[in-house]
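To start, the structure itself, in C-alpha cells.
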Amino acid sequence: MAYQEHQLTEISKQFQIYGEILHAETCKIGHINETYSASYDQGGTRVRYIHQKINQSVFKNPTALMKNVMRVTRHIRSKLEEMHVPDLTRRCLTIVPTRKGESFFRDGSGDFWRTFVFVEGVQTFESVQNPKQAYEAGKAFGNFQNLLVDLPGERLVETIPDFHNTRKRFGSLQKAVANDHFNRAHLAKKEIDFALKHEPIVDTLLNALAKGKIPERITHNDTKFNNVMLDIDSGKEICVVDLDTVMPGCALYDFGDMVRTTTSPTLEDEKDLTKVRMQMPMFKKLAEGYLSAAGKFLTPAEKSFVAFSGKLITFTIGLRFLTDYLAGDTYFRIHRPGHNLDRCRTQFRLVESIEQQESAMQKFVNQL
Ligand code: GN1
Ligand code: MG
C-alpha cells in the first residue's frame, strides 16, 4: 500500500465521517487513481468509506473535475429521488464532504483526496461471466446516459481534452514510433503495422460529429465492465462508478468501450490471444441492455454506428497501450515488464474478431 494506515487516518479526519478508523486497505482497481477502502466504528456499527487520491498527472484540473462530479451525482440523485427509487446511496455515488464543506481535501503535499460512501452488497468483475451480466452492464450505462440527458447548466468541463479523439491518439502513436525513446519499436513491429494499417477508421466518428450527423452528449467515457456495480444477491446493476471522465462526448464511445470490456471472456491483458474473441451472445445481451435505456434518446444515425464503435474504441485503447509502451510506461500503471504491449495485443486481437463479425453485430442492432 502506497499510503500507510496512519497517513490515511490523517486524511480521513478531514472528512465528515463520524467514527474511529479500524482498518484501511488498497483497492486494486483501475490503472490511474489510488483507491482505498476504510472501515470505521460508528457508534458500534462498522461502516465503510472509499478514499481516493486523484492522479494529477492525468487529471490536470481536479477542482473542475470535482465540480463536474458533484453536478452529475446531485442531478442523478435528485432524479432518482423524484422517481421514488429506493436505496439511493447505493444507486448513485455519494461524495462525503470535508469538514469545511468541500468536495475534496488538498493535503500538505498538494494531493487531492475525496471520499465516497462505500456501496455495500455489490461486486465487480474484471471479465464478464455470462450474458446476463453483459445485459446489466449495457443497461447500467444506458441508464446513466439517460439520466444525464437533461443536466441543466453550462457544458461540463472536459477533464481530459480529446480523450477519445482517435485521430489525436493515432498521431501520438506515430510520434512515439518516430521517437522510439526506449528502443522498443522493434519489439512491437507487428502491432505498429496493425495500427498504421487501420488509419482509415480513425476519422469516421470524428467526421460524423463535426458534420452534426451525430450529437455531442454527456457521457461516462470509461465504461469498463469493472466500473459496473452488480448486486451480490440478484446480479442486477446497482450503479456505475469512476466518474472522473464524465464530460461532453459521444454516446457511441461509451458503447464501444462496453463492447471492448464485456464481449470477450478474457481479461484486458490476456496473454493467450487464442482465447480473445468477441462473443455474439454477450454482444446481443449488451446491446439489448444498453438500448433498453438508451433507445429512448439515441438517433438512427447513432444506432447505425453501434457495431463500428466497438471496433473503434477497442482499437483506440489499443493505440493508447501501444503508445504508452513505446513511451516508457508513464500513463497506465503496469504490473510487469511488457504489460502495456500485452494489453495492446489483446485489444488488437479483439479488433480482428469484431471485424469478422461486424456486419452481423450491426444487423442484430438494426432490428432491436
Ligand atoms: C484507464 O483507470 P481505469 O482502469 O478506470 C483509462 C481508460 C482506459 C482504461 C483501460 C482516465 O481506466 O481510458 O480505457 O484504463 N482511464 C483514463 O483499462 O485514462
Ligand atoms: Mg477510470
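The values are calculated or read from the model by the stated rules, or taken from the named source; none is laboratory data. Computed from a predicted structure; not experimentally measured. Counting neighbours? That spans all protein chains shown, and the Cβs are built from the backbone with ideal geometry, glycine included. With ligands, DNA and RNA removed, areas are computed over all heavy atoms of the protein, side chains included. Shrake-Rupley method; radii C 1.70, N 1.55, O 1.52, S 1.80 Å.
General observations
- Once backbone amide H atoms are built at 1.01 Å from N, residue 219 has 247, 249 as its partners under 5 Å, excluding neighbours fewer than 5 places away on the same chain.
- For the chain, the longest principal axis of the Cα atoms and the long axis of helix 280-294 meet at an angle of about 60 degrees.
- Mean accessible surface per residue for the chain, computed with a 1.4 Å probe while every protein chain stays in place, in Å²: 45
- The chain: angle of helix 339-366 to the longest principal axis, Cα-based, in degrees nearest 10: 70
- Over the chain, DSSP H runs of length four or greater, each weighted -39,500 (n - 2.57), average out per residue to a 222 nm ellipticity of -14000 deg cm²/dmol.
- In this structure, the pairs whose alpha-carbon distance is over 30 Å, taken from 236/311; 175/303; 79/211; 60/190, are 175/303; 79/211; 60/190.
- Percent carbon-and-sulfur accessible area, the chain, ignoring ligands, DNA and RNA, probe 1.4 Å: 52
- Expressed in Å, the radius of gyration and Dmax of the Cα atoms of region 45-126 are 14.2, 43.
- Residue 189 accessible area, assembled protein chains, probe 1.4 Å, Å²: 120
- When the Cα atoms of region 126-210 are aligned to their principal axes, the ranges along those axes come out at 47, 39, 25 Å in descending order.
- Among 221, 170, 248 the positive-end extreme of the charge dipole of region 131-367 (Cβ point charges): 170
- Cα point-scatterer Debye curve for region 1-68, base-10 log of I(q)/I(0) at q = 0.21 Å⁻¹: -0.93
- In this structure, the amide hydrogen of residue 104, modeled 1.01 Å from its nitrogen in the peptide plane, lies closer than 5 angstrom to those of 98, counting only residues at least 5 positions away or on a different chain.
- When all alpha carbon pairs of region 240-310 are counted in 10 Å bins from zero, the resulting P(r) reads 17, 47, 29, 6 %.
- Comparing region 131-367 with the 2.2 N^0.38 Å rule of thumb, its C-alpha radius of gyration ratio is 0.98 (two decimals).
- Using θ = phi - 60° and Karplus 6.51 cos²θ - 1.76 cosθ + 1.60, couplings along region 314-326 (whole Hz; Gly, Pro as x): 4, 4, 5, 5, x, 4, 5, 5, 5, 4, 5, 4, 5
- Computed over the chain: relative contact order in percent, which uses C-alpha pairs under 8 Å that are six or more apart: 19
- Distance cut-off 18 Å, percentage of C-alpha pairs in region 1-157 lying past it: 65
- Scanning residues 5 or more positions from residue 27 or on other chains, those with amide H under 5 Å from its amide H are 35, 36, 37, with H placed 1.01 Å from N in the peptide plane.
- Rounded to the nearest 20 debye, the dipole magnitude of the chain is 640 debye, with +1 charges on Lys and Arg beta carbons, -1 on Asp and Glu beta carbons, and the Cα centre as origin.
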